[in-house]
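Below you will find the structure I want to go over with you.
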Amino acid sequence: MPKVTIDGKTIEVADGTTILQAARMLGKEVAPPAMCFYTNLKTSGGYCRTCLVKVSKGSDKDPRPMPKLVASCRTPIMDGMEVQNNTSPEVIDARKGVVEFLLINHPLDCPVCDQAGECHLQDLSYENGSAKTRTEFERRTFNKIEIGNKIQLHMTRCILCYRCVKVAEQITDGRVHGVINRGDHSEISTYIEEVIDNDFSGNVIDVCPVGALTDKTFRFKSRVWFTKPMSAHRTCDKCSGKVTLWYQGDEVLRTTGRKDQWGEVEEFICNTCRFDKKLTSDWTIEGPTIVDKHSVISANHYEGMIIPNELTLNDIKKLPLLEKNTDGNTEF
Amino acid sequence: MQLTNRSKVIAKKEMSFMERLYIPAILGGLAITIKHLFKKKVSLRYPEVTRAFAPVYRGMHVLKRDELGRENCTACGLCAVACPAEAITMDAAERKSGEENLYREEKYAAKYEINMLRCIFCGLCEEACPKDAIYLTDRIVPSEYKRNSFIYGKDILVEKVDERIDVSKRKNEYSILN
């Protein structure tokens, strides 16, 4: 079992584990951000460069550092490897540059975008980016393409992470959409504007780290932070049926897969569960989903809040009597 | 039982002749009244005359339009989530073709309500606004007879195209911070 040290923390992992996966095992403080890597999608990762880390020691056998920063999602660990993530100013500077590149063509229309509040690019640029842009050119625009009545494509917001293409390849049986053109002109598209009608095509919404692919049935209905996530399940013959329902009042506005702390869905869900079952009676409610208290989604929601142990009068009465000093003052 | 040393013993001695005339006391009182006629007035003849407000005064809200008369608000909900009193509610809608002269972006607030009874005029909504849409002005929220009348909708909040509300003073206050 090879050993790897990331930001001073050591862990033993199985052969073939990537740096990113090892860092995620160590916890949120050391894990580099990732925009294109997705655990459940094979061959994902390596496109966005946000997970760049510095390898200061290659391995025990060859202790030379790697000459350049490496993409941690594609670099397997070696025994005795030492990796610097947040402790290396070089990495932080590089990541700032990557964020700037990702935002060059991003329209920054967050006030309009339905993804705002759960957008990974928002989090990434908030944590790693700079507040000002240096770009003077027009941002790229595309002709609008309708890809069906369930999914909305906003090509201007796309960062070309290829996650949705991998979903089309691996989860759905017939590949109906992909990336056309090259370089700056690359574009997510269904060939000849073909409508996505696969049973699992809705998962492209969940895997999209930005607001390029959003739920059309939820379009402009509400903001993410006004809705209340609830874990629920139903018996479905196509998928596991385990979902998160987003309530506003008594109304289910949106259904998504259950996401873990890295923002990745645990199980892909089918389109019937996602788009057609919008009644509380369709679901067995398990309870409110615990949202990280730093997330804007938890604003004004109090589930999962850690309530401090406040003393009641009875608790105080039970305390051992406070000892008194010789001069009669109570000592605390 | 005497509780404090400030209690006064009532003197029931008979009044003197001058005191019984009452006229000196009445004249003394009138003198005070007449003196006040020549003093600087404390009150103003509101609403004909208004007091000068500090540039940071936070009064009734306004939803701004841009220079082409289109509504700035895109119903992003940041004001509502920033509001500590939870006074703001809104419903968004998608702009249809032909409405480009009414709303600046493809999404707009179909309903925008501020409950003025809840509002504490803290100004966090204007600070949260990314679209330059909501500002607190130096206008005073009038009193009303019914609780429902305090829920201000877009009909009251959005400025009229022909009578714009000047918020340049407040903008300058903020530009110092930025």
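Just by accessible area at a 1.4 angstrom probe, what is the order of B:Arg139, A:Arg64, A:Arg182 from largest to smallest?
The residues order as A:Arg182, A:Arg64, B:Arg139, largest area first.
Amide H to amide H, which residues 5 or more places from A:Ile151 or on other chains are under 5 Å from it, using H placed in the peptide plane?
The answer is A:Lys216.
A follow-up question, please. Got a sec to turn the phi values of the stretch A:232-243 into Karplus ³J(HN,Hα) couplings, 6.51 cos²θ - 1.76 cosθ + 1.60 with θ = phi - 60°, whole Hz, x for Gly and Pro?
Once θ is set to phi - 60°, the couplings for the stretch A:232-243 become 8, 8, 8, 7, 10, 7, 9, 9, 6, x, 9, 9 Hz.
What does the charge add up to near B:Val49, with Lys and Arg as +1, Asp and Glu as -1, over the other residues with Cβ less than 15 Å from its Cβ?
Residues near B:Val49 contribute +2 overall.
Among bridges DSSP assigns within the stretch A:3-101, what percent are antiparallel (round to 5)?
75 percent
Tell me, what HN-Hα J-couplings in whole Hz come from the Karplus equation 6.51 cos²θ - 1.76 cosθ + 1.60 at θ = phi - 60° for each residue of the stretch B:149-154, using x for Gly and Pro?
5, 7, 8, 8, x, 5
Something else about it: Within the stretch A:3-101, how many Lys pairs that are eight or more residues apart, or on different chains, come under 15 Å at the alpha-carbon?
Details: A:Lys3/A:Lys57; A:Lys3/A:Lys61; A:Lys9/A:Lys28; A:Lys9/A:Lys54; A:Lys9/A:Lys57; A:Lys54/A:Lys68; A:Lys54/A:Lys96; A:Lys57/A:Lys68.
The result is 8.
Using only Cα atoms and rounding to the nearest 10 degrees, what angle (0 to 90) does helix B:23-37 make with the longest principal axis of chain B?
Approximately 20 degrees, to the nearest ten.
What is the local net charge at A:Lys132, summed over the other residues whose Cβ is closer than 13 Å to its Cβ (Lys, Arg +1; Asp, Glu -1)?
Working: positive: A:Lys96, A:Arg134; negative: A:Glu100, A:Glu136.
With Lys, Arg at +1 and Asp, Glu at -1, the net is 0.
While we're on this one: With charges set only on the Cβ (+1 for Lys and Arg, -1 for Asp and Glu), what does the dipole of the protein assembly as shown come to about its Cα centre, in debye to the nearest 20?
For the protein assembly as shown, the charge dipole is close to 2200 debye.
So what is the 222 nm mean residue ellipticity for chain A from helices alone, if each DSSP H run of at least 4 adds -39500 (n - 2.57) and you divide by all residues, rounding to the nearest 500 deg cm²/dmol?
-4000 deg cm²/dmol
Can you tell me the orientation of helix B:168-177 relative to chain B, as the angle in degrees between its alpha-carbon axis and the longest Cα principal axis, to the nearest 10?
On a 0 to 90 degree scale, this one is about 80.
Greater than 31 Å separation of Cα atoms is the criterion. Which listed pairs, A:Lys242/B:Lys111; B:Lys13/B:Lys39; B:Lys107/B:Lys171, meet it?
On the way: A:Lys242/B:Lys111 34 Å; B:Lys13/B:Lys39 38 Å; B:Lys107/B:Lys171 25 Å.
As for pairs spanning more than 31 Å Cα to Cα, those are A:Lys242/B:Lys111; B:Lys13/B:Lys39.
Could you size up the charge dipole of the stretch A:3-101 around its Cα centre, putting +1 on the beta carbon of Lys and Arg and -1 on that of Asp and Glu, and report it in debye to the nearest 20?
Computed charge dipole of the stretch A:3-101: roughly 220 debye.
Taking the Cα atoms of chain A alone, what are Rg (to one decimal) and Dmax (as a whole number) in Å?
Radius of gyration, then largest Cα-Cα span, for chain A: 23.8, 91 Å.
Next question. Could you work out the local net charge near A:Glu12, counting Lys and Arg as +1, Asp and Glu as -1, over the other residues with Cβ closer than 12 Å to its Cβ?
Surrounding charge for A:Glu12 is 0.
I'd like the distance between the alpha-carbon centres of the stretch A:89-129 and the stretch A:230-266, rounded to an integer number of Å.
26 Å
Also, I was wondering about something else. Can you list the lysines whose alpha carbon is less than 16 Å from that of A:Lys238, not counting same-chain residues fewer than 8 positions off?
Output for A:Lys238: A:Lys277.
Aspartates and glutamates near B:Lys160 by alpha-carbon distance under 18 Å, same-chain residues fewer than 8 away left out - which ones?
Partners within reach: B:Asp66, B:Glu67, B:Glu71, B:Glu99, B:Glu100, B:Glu113, B:Asp132, B:Asp138.
Let me ask something else. Size of the stretch B:61-165 along its principal axes in angstrom, Cα-based, largest extent first?
The principal-axis extents, from largest down, are 39, 29, 23 Å.
The values are calculated or read from the model by the stated rules, or taken from the named source; none is laboratory data. The shown structure was predicted, so the numbers you read here are calculated from the model rather than taken from an experiment. Note that each Cβ is placed from the backbone with ideal geometry, even for glycine, and that neighbours are counted across all protein chains shown. Only protein heavy atoms, including side chains, enter the accessible area calculation; ligands, DNA and RNA are left aside. Shrake-Rupley method; radii C 1.70, N 1.55, O 1.52, S 1.80 Å.
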